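Reading through the structure tokens given below for one structure.
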Amino acid sequence: MNTPSLLNMTAPLRDDFDIPYHDLGPSERAPRLALVAGIHGNELNGVFVLSRLADFLHSIARGERSGQHLRERVIIIPAVNVLGVNTRSRPWPFDKIDINCMFPGREDGETTQRIAAAVLNVTRSAYYRVDVHASNLDIEEMPQVRLYDPNDDERATACLFGLPAVIERPLNKVFVTTLLRAWRRFGGENFVIQGGLAGNLQTNHCEQLFRGLVAFLDRTGIVEGLTLAEDEEDLRYFNNNQTFAVLSDHAGFFVSRRVVGRWIQAGDLIGHIYDSFAGTILTEVRAPVGGLVCSLRRQPLLFQGDLLARILTLHESNEAMALALRGQG
Ligand SMILES: [Zn+2]
């Protein structure tokens, strides 16, 4: 397998290292799809899913899957933050810079600027572009497509991933140096996919993300001849007025047995906040609204006002809007 590299870097006291990527399908065409993961080096679900997807597409390209054909060119970068993946670090380990704050980057800049420029350079000619993230070490997210001030084409295409939720948010006016922002200048259709919790792997989320990406390859005609299981998809579209953040009213130790991606009714138990020394229950946390549990706190230690959960509601509410903005993570 001929593995191209985004960028070659030298290091103070070790061999050079590269950021490898996969370039699959008809090389004479512009890429139809670019998939990126591991901008944050501890978000392992995306790294695993994209490397497995690359293996799957290589096997199709080699003709090992009868009746299946890779019709379009696909770029896959499983791990942008290669050193961070090696050291379980969210930012670039040398200088602790968040690579997603460095776009569009500079070819003659510092290391993370050069990485950002190289990622943009190899992905910008693709029509569909997807940046895959997990959440952080504290909050688990159900697999979802995130749209930021999308156009109608993006709204329609987001449903092709077959993930259970498409969540629309306004574009952050302050945080303008992300890969998604940089991509928008080149047109096409741009998506963020979120799934799981940083720091380790959740195989259930990985399977759902993998199935979603394969469904997307099928529905966009990038891969021909796939036979997908016709499972009942329950896809829903949520805007910002349908996100309800549940915040803690007490510091302590938060424990929840809930699972993200399941529906909950108003008044159902989400979890308990315990006194971490005495072990007594300080608060029973109950769902203030019914809906889909989209995000759930997995880091038990918390302060008053910390985010415990996000619930996606079927109906819009101004209160949800206000609370969502307070609990934005
Ligand atoms: Zn991330």
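Which residues, counting only those in the stretch 227-271, are open to solvent by 80 Å² or more (accessible area, probe 1.4 Å) and assigned to a strand (DSSP E or B)? Correct list: R236, W263. Give just the number: which of (1) away from the ligand (no atom under 16 Å from the Cβ); (2) farther than 20 Å from A118 by Cα does I75 not satisfy? Of (1) away from the ligand (no atom under 16 Å from the Cβ); (2) farther than 20 Å from A118 by Cα, only one is false for I75: (2).
When you look at I19, is it open to solvent by less than 30 Å² (accessible area, probe 1.4 Å), of a type in the set (V, I, T) and away from the ligand (no atom under 16 Å from the Cβ), yes or no? Taking the combined requirement at face value, the residue satisfies it.
Annotation: of all residues in the stretch 118-146 being under 12 Å from the mean Cα position of the chain (by Cα) and more than 21 Å from I77 (Cα to Cα), the one that is farthest from the ligand (Cβ to nearest atom) is M142.
Scanning the stretch 293-308 for residues that are assigned to a loop (DSSP other than H, G, I, E, B), of a type outside the set (D, E) and farther than 11 Å from V260 by Cβ yields Q299, P300, F303, Q304, G305. What about I115, is it closer than 24 Å to L307 by Cα and open to solvent by less than 20 Å² (accessible area, probe 1.4 Å)? No, not satisfied.
D98 - would you say it is more than 13 Å from the ligand (Cβ to nearest atom), at pLDDT 95 or above and open to solvent by 20 Å² or more (accessible area, probe 1.4 Å)? No. Within the set R106, R169, the sole residue that is within 16 Å of the ligand (Cβ to nearest atom) and of a type in the set (K, R) turns out to be R169. Of all the criteria given as (1) farther than 24 Å from L120 by Cα; (2) open to solvent by less than 20 Å² (accessible area, probe 1.4 Å), the one not satisfied by N204 is (2).
List every residue pair whose Cβ atoms sit under 9 Å apart, with the two residues 6 or more apart in sequence or on different chains, where the first one lies in the stretch 36-63 and is within 16 Å of V85 (Cα to Cα) and away from the ligand (no atom under 13 Å from the Cβ) and the second, anywhere, is open to solvent by 10 Å² or more (accessible area, probe 1.4 Å) and among the charged types (D, E, K, R). Hits for this filter: V49/E207.
Looking at this structure, is L163 outside any loop (DSSP other than H, G, I, E, B), open to solvent by less than 10 Å² (accessible area, probe 1.4 Å) and either in the same structural domain as D218 (by TED's automatic domain parsing) or more than 16 Å from the ligand (Cβ to nearest atom) (or both)? The answer is no for L163. The combined condition, being modelled with pLDDT under 95, assigned to a loop (DSSP other than H, G, I, E, B) and under 14 Å from V132 (Cα atoms), is not fulfilled by L171.
Contact map, the stretch 10-33: residues that are over 13 Å from A126 (Cβ atoms) paired with residues that are part of a loop (DSSP other than H, G, I, E, B), Cβ distance under 6 Å, separation 6+ or inter-chain. Pairs shown: P20/T3; P26/R73.
The values are calculated or read from the model by the stated rules, or taken from the named source; none is laboratory data. Keep in mind that this is a model prediction, so the values were computed, not measured. Cβ atoms come from the backbone with ideal geometry, glycine included; neighbour counts cover every protein chain shown. Ligands, DNA and RNA are excluded from the accessible area calculation, which covers all protein heavy atoms including side chains. Shrake-Rupley method; radii C 1.70, N 1.55, O 1.52, S 1.80 Å.
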